[in-house]
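Notes for the one structure printed next.
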Amino acid sequence: MTGRLAIKNGKYYVVISYKDEHGKNKQKWTATGLDAKNNKRAAEEVMREIVANFNNEETPATKTKTAAKDKILFGDYLIKWIEIAKPNLQLSTYASYKMKIKRIAPYFNERGITLQEITPTDIQTYYAWLLDNGKKIQTCTHDHVVIRRSLEIAYRTDLIPVNPAAKVEKPKSPKYEAKYYDLKQLRTLFEYLKGDKYELMYKMTAFYGLRRSELCGMKWSSIDFDRNTITLNSSIIQTSVNGKLLLIKKDIMKNASSKRTMPLIPEIKEALLELKDKQERNKSYFKNGYNQEFLEYVWVDDIGKLVNPNTVTHHFKTFLEQNGLPHIRFHELRHSCASLLIACGVSLKEIQEWLGHSAISTTADIYSHLNYSSKLNVANTLTNVFGGETINLGRQDDEEAKALLTTLFRGAEHEQAEEQEELSGEPLEAVESVTGEMIDDGEEVIELPTETSLDEDLDALEQSVNEYKKAKAEMQRLGFTDNDEYLDYLEFTQRKAARKNDMEM
């Protein structure tokens with residue numbers, strides 16, 4: 001059975017070709033009531049409706065055809081679809097969709113809803129169920145993308161006559177207002193960060209408004225110390241696929257505007273040169289024990305292992321809590337950069353270019369509530385019209401904005417805490433090992449061992465009261481007051497012993 005559009009007397013008709021119960025070819029013409037001029041898209045939509053209704057008519061032929069056609073539960077279809085679609089998706093997108101399907105599929109399967117029978121009402125009811133169970137509207141929005149995309153493929157491959165998700169009103173998220181630190185709070189943060197192991201990473205994130213993937217994917221080859229520039233042209237994303245933690249290394253940015261060249265200010269340049277020199281000293285010290293796989297990356301630990309993105313985020317949250325600083329997410333350091341630029345009177349267009357947004361509408365949607373200076377401009381325009389006294393905007397130009405950011409960065413040099421090094425006279429802080437492999441789509445994937453949190457580590461110690469007390473006493477003897485530092489020290493001594501055994505062999 002097929003359907004097509006035909007024009008008769010200046011009107012669109014839907015012509016359905018089918019076989020009756022005796023196998024004879026038949027045609028059915030149905031008027032749409034639409035004029036042929038400028039109504040093709042509307043006529044196509046009506047055609048899909050008519051074809052769908054005809055397909056569901058209870059004729060002997062259609063009943064036999066429906067009975068013979070295997071039905072599949074919608075949840076089962078989603079599970080099959082994501083694997084078929086995998087070659088056409090970025091691995092991070094595939095992982096994200098698969099996590100959502102783990103939530104979507106059981107709901108529809110438990111209710112016996114099939115791919116062939118799913119309706120717009122079924123989908124809308126699912127969104128209501130999510131909200132009733134404490135999920136946010138953003139969850140509905142993200143799940144809608146997966147549901148609609150999967151059903152669109154089913155429609156295009158003739159598994160269903162129409163895409164029911166196309167008739168569902170997309171859940172609307174409330175307008176997001178970014179949280180941020182103001183200038184005073186950033187100065188306080190920078191002061192507290194002195195000596196922290198991720199100090200420079202956090203400061204560069206706030207100064208350049210970096211995404212986490214851009215920060216962690218930064219390469220030495222992208223930094224031109226002669227021309228004083230940093231080019232953001234690579235990224236690292238951490239995700240989970242089939243229970244395995246993966247790092248995805250890309251040399252293709254999120255969008256064309258994400259690839260951008262930024263000025264390398266003297267304070268950051270000096271800190272990066274010191275970091276590079278330290279890495280060279282670590283290479284000489286650890287020799288064969290230094291990882292050679294990630295030499296091109298800026299952010300590695302003392303034995304050359306990549307710093308995990310999730311570790312950077314988790315440490316930032318813990319750092320704020322330990323120092324009694326207002327809570328913001330790591331990504332909101334990027335928002336703090338934007339808010340500072342807006343406060344300096346930098347235009348949204350220039351902020352778009354600085355942050356690497358694909359369109360100025362994105363910048364405006366996120367930060368328009370901060371752009372108070374534009375409202376003052378409007379007020380002054382109206383005041384001029386009525387002959388009143390205008391308001392002093394106090395606007396700063398781009399150079400002043402850059403100078404303010406530079407001043408904010410200055411005076412908080414990138415220093416590693418030296419107290420632990422004084423105990424042993426050697427570099428510390430080794431993190432978990434990673435192994436790498438290449439996949440066909442050009443993304444390099446690194447599989448991480450399963451991570452355990454500090455709480456889990458302490459829980460393991462508490463399984464034996466005596467062992468726990470012994471460990472606490474050892475911490476005090478060595479002068480450690482922070483559990484993270486003590487665990488880093490234990491890991492370092494283990495690696496040092498392993499390296500010694502390798503040299504003896």
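The values are calculated or read from the model by the stated rules, or taken from the named source; none is laboratory data. No experiment lies behind these values; they were computed from the predicted model shown. Because the Cβ atoms are built from the backbone with ideal geometry, glycine has one as well, and the counts that use them run over all protein chains shown. Only protein heavy atoms, including side chains, enter the accessible area calculation; ligands, DNA and RNA are left aside. Shrake-Rupley method; radii C 1.70, N 1.55, O 1.52, S 1.80 Å.
Kindly indicate the residue of the stretch 353-362 that is within 17 Å of residue 233 (Cα to Cα) and in a helix (DSSP H, G or I) and also nearest to the chain's Cα centre (by Cα) among those meeting that condition.
Filtering the stretch 353-362 for residues within 17 Å of residue 233 (Cα to Cα) gives 353-358.
Those still in the list that are in a helix (DSSP H, G or I) too: 353-355.
Values: 353: 19, 354: 19, 355: 15 Å.
Checking each candidate, the answer is 355.
Please enumerate the residues belonging to the stretch 98-144 that are aromatic (Phe, Trp, Tyr) and closer than 18 Å to residue 81 by Cα.
107, 108
Hey, can you tell me all the residues within the stretch 225-245 that are open to solvent by 30 Å² or more (accessible area, probe 1.4 Å) and assigned to a strand (DSSP E or B)?
Correct list: 229, 231, 237, 240, 244, 245.
For the stretch 47-64, indicate whether the set of residues that are modelled with pLDDT of 80 or more, hydroxyl-bearing (Ser, Thr, Tyr) and surrounded by 13 or more Cβ atoms within 10 Å (Cβ to Cβ) is non-empty.
no
Could you tell me which numbered condition residue 277 fails, if it satisfies all but one of (1) farther than 23 Å from residue 323 by Cβ; (2) buried (at least 17 other Cβ atoms within 10 Å of the Cβ)?
Evaluating residue 277 over (1) farther than 23 Å from residue 323 by Cβ; (2) buried (at least 17 other Cβ atoms within 10 Å of the Cβ) leaves (2) as the failure.
If I filter the stretch 111-151 down to residues being hydrophobic (A, V, I, L, M, F, W, C) and without any contact (Cβ under 8 Å) to a residue 24 or more places away in the chain, which single residue comes out as farthest from residue 163 (Cα to Cα)?
By that ranking, first place goes to 131.
Checking the structure you have, find out if any residue of the stretch 296-309 is within 30 Å of residue 79 (Cβ to Cβ) and touching a strand residue (DSSP E or B) at 6+ places or on another chain (Cβ under 7 Å).
So far as the stretch 296-309 goes, yes, one or more of its residues are within 30 Å of residue 79 (Cβ to Cβ) and touching a strand residue (DSSP E or B) at 6+ places or on another chain (Cβ under 7 Å).
Of all residues in the stretch 270-301, which are assigned to a helix (DSSP H, G or I) and either among the hydroxyl-bearing types (Ser, Thr, Tyr) or under 21 Å from residue 493 (Cα atoms) (or both)?
The answer is 278, 279, 281, 282, 283, 284, 285, 286, 287, 288, 289.
What do you reckon, is residue 259 surrounded by fewer than 19 Cβ atoms within 10 Å (Cβ to Cβ), modelled with pLDDT of 90 or more and out of contact with any Asp or Glu (no Cβ under 9 Å at 6 or more places or on another chain)?
No.
Please find, within the stretch 302-327, the residue that is modelled with the highest pLDDT out of those that are assigned to a loop (DSSP other than H, G, I, E, B) and open to solvent by less than 10 Å² (accessible area, probe 1.4 Å). Don't jump to the end; show me each part of the working.
Pass one, the stretch 302-327, residues assigned to a loop (DSSP other than H, G, I, E, B): 302-305, 307-308, 323-327.
Restricting the remaining residues to those that are open to solvent by less than 10 Å² (accessible area, probe 1.4 Å) gives 304, 308.
Details: 304: 92, 308: 89.
Here the residue is 304.
Name every residue in the stretch 13-27 that is loosely packed, with under 15 Cβ neighbours inside 10 Å and either touching a residue at least 24 places away in the same chain (Cβ under 8 Å) or touching a helix residue (DSSP H, G or I) at 6+ places or on another chain (Cβ under 8 Å) (or both), in order of residue number.
Residues satisfying the conditions are 19, 20, 21.
Output the residues belonging to the stretch 328-347 that are open to solvent by 30 Å² or more (accessible area, probe 1.4 Å) and of a type outside the set (Gly, Ala, Ser).
Result: 329, 331.
Out of 349, 375, I need the residue that is in a helix (DSSP H, G or I), modelled with pLDDT under 80 and basic (Lys, Arg). Which one? Lay out the reasoning, then the answer.
Details: 349 fails: modelled with pLDDT under 80.
Going through 349, 375 in turn, just one is in a helix (DSSP H, G or I), modelled with pLDDT under 80 and basic (Lys, Arg): 375.
Which condition number does residue 167 fail, the rest of (1) more than 30 Å from residue 337 (Cα to Cα); (2) of a type in the set (Lys, Arg); (3) touching a His at 6+ places or on another chain (Cβ under 7 Å) being met?
(3)
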